[in-house]
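The values are calculated or read from the model by the stated rules, or taken from the named source; none is laboratory data. As the structure is a prediction and not an experimental result, all values here were calculated from the model. Here Cβ is always computed from backbone atoms with ideal geometry, including for glycine, and neighbour counts include all displayed protein chains.
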Amino acid sequence: MMFWIISTGLSAVVAAFFLAVMRAQSAQPETTAPALLIYKQQLQEVEKDVVKGLLAAEEAERLKIEISRRILALDATSPGQTRRDTPASLALTAGLITVTLLGGTFLMYREYGAPGYENLSQKQRIANAQRSLETRPSLEEFAAAIPVQPEVVVPSADYTDLVEKLRKTVAERPDDLEGHVLLANVEAGLQNFAAAAQAQEAVLKLKGEAAEVSDFFDHAELLILSVQGYVAPEAEAILRDILKQDPTHEGATYYIGLMMAQNDRPDQAFRLWRALLEKGPADAPWITPIRDQIEEVAVYAGINDYVLPDADQAAASAQLAGPTQSDIDAASDLSADERMIMIEGMVAQLAERLGAEGGSSAEWARLIGALSVLGRVDEAQEIWREAQLVFAGSATDLETLQRTAEQVGLIQ
């Protein structure tokens, strides 16, 4: 309602402005061209001269014809007289302007707006999003609403026979772990994701406590793929359990971000996806879908200044960014002293390069994190202060640095 009150008020103001201008123009007196006045005076002077006998009749007639000719020529070249609008025509014009403005506003709003959508505070929108998240359809309900899709992968007749034999064998031998693992992979390869998820669920039951995080993630991902990317409550529960065991699990984090994007929390999705994008690696399976969606998610989250980093530049930065967890794990065969020397050397190289050549905010953030992990908190604090000066003009980069500083305890 407030939208239409404002629109109507603005339309009325614009119409009133046009009406006032038109009235002012209509109220101006009609003006006569100065040349026309001169010609009329000349005609009068010719008549007076004839009466006084100063001008012959033939000459007077010739002058009148010449002056009349000039008057006609003047009428043909001079602009028309000022039009006088009547009050009725003015009111009609103002009404047409108002109707045009209101009608155009309504048509544009119907096309691009959200008719019937109430004004909501941020708190109310978050509450609505949470309610949507909690009441969203289950996996079974959502799957039932999906139209039947044609087969994407059509195997050869021989391969189809082998798959059917595998299905039959697994059904006859429900305790065959290797058979269920193979069946899950085969069904996934054929994009029969629902069947693959069912086989993977059997794998989890057969493995029991020996099941690994990757086994649970495979199950969650197959459930999501079986319903065309929808993160159902059943998949969310598995992902949450994974993150309890491994809070840094990238695949689970990506799908939680996807779930947030699907349930009107683009701010949460952007935060999770941006961290994954900056962390890399560039060839991780979630990087491409994040790059395809994060700019749109940023706009919906109200972040209009986000710039998607160049893919090649991001990959190069990741290679030069310093020690990663994989680098540290690779040194596990070294002694404690040797491992520390290696890590210290990598951190030193990163610090030297950033000091000499500069780098991205993600690299500065990694240096801050690495120094904190090594216990060199004072140096991390110094780098944090220096980075704030380097990226003082970029709110996006400062947010990246601040997030790292908060994670390592430099900001309470």
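Determine, yes or no, whether S394 is surrounded by 16 or more Cβ atoms within 10 Å (Cβ to Cβ) and under 30 Å from the mean Cα position of the chain (by Cα).
No, not satisfied.
Restricting to the stretch 201-214, name every residue that is at pLDDT 95 or above and either within 24 Å of Q149 (Cα to Cα) or acidic (D, E) (or both).
Residue satisfying the conditions is E201 alone.
Do we find that P285 is assigned to a helix (DSSP H, G or I) and either at pLDDT 75 or above or touching a Lys or Arg at 6+ places or on another chain (Cβ under 6 Å) (or both) in this structure?
No, not satisfied.
Scan the stretch 292-308 for residues that are part of a helix (DSSP H, G or I) and either in contact (Cβ under 8 Å) with a residue 40 or more places away in the chain or over 22 Å from P247 (Cα atoms) (or both) and jot them down.
D292, Q293, E295, E296, V297, A298, V299, Y300
Report every pair of residues separated by at least 6 positions or lying on different chains whose Cβ atoms are under 6 Å apart, first residue within the stretch 389-406 and more than 12 Å from W364 (Cβ to Cβ), second not in a loop (DSSP other than H, G, I, E, B).
none
Specify the residue that is farthest from Q41 (Cα to Cα); the eligible residues are those in the stretch 55-69 that are surrounded by 12 or more Cβ atoms within 10 Å (Cβ to Cβ) and aliphatic (A, V, I, L, M).
Across the stretch 55-69, the extreme among qualifying residues is L55.
Matching residues to (1) out of contact with any Phe, Trp or Tyr (no Cβ under 9 Å at 6 or more places or on another chain); (2) assigned to a helix (DSSP H, G or I); (3) more than 27 Å from Q268 (Cα to Cα):
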{"position": "A348", "(1), (2), (3)": "yes, yes, yes"}
{"position": "A351", "(1), (2), (3)": "yes, yes, yes"}
{"position": "A370", "(1), (2), (3)": "yes, yes, no"}
{"position": "E379", "(1), (2), (3)": "yes, yes, yes"}
{"position": "Q388", "(1), (2), (3)": "yes, yes, no"}
{"position": "L410", "(1), (2), (3)": "no, no, no"}
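Pull out all pairs, ordered by first then second residue, where Cβ-Cβ is under 8 Å, the residues are six or more apart or on different chains, the first lies in the stretch 143-170 and is in the same structural domain as I224 (by TED's automatic domain parsing) and at pLDDT 90 or above, and the second is surrounded by 10 or more Cβ atoms within 10 Å (Cβ to Cβ) and not aliphatic (A, V, I, L, M).
So the pair list comes out as L166/G179; T169/D176; T169/G179; V170/D176; V170/G179; V170/H180.
Restricting the search to the stretch 181-194, which residues are part of a helix (DSSP H, G or I) and either polar (S, T, N, Q) or modelled with pLDDT of 95 or more (or both)?
Hit for the stretch 181-194 is N185, nothing else.
Would you mind telling me which numbered condition in (1) of a type outside the set (V, I, T); (2) modelled with pLDDT under 70; (3) over 24 Å from I5 (Cβ atoms); (4) surrounded by 10 or more Cβ atoms within 10 Å (Cβ to Cβ) A76 fails?
The one condition A76 does not meet is (4).
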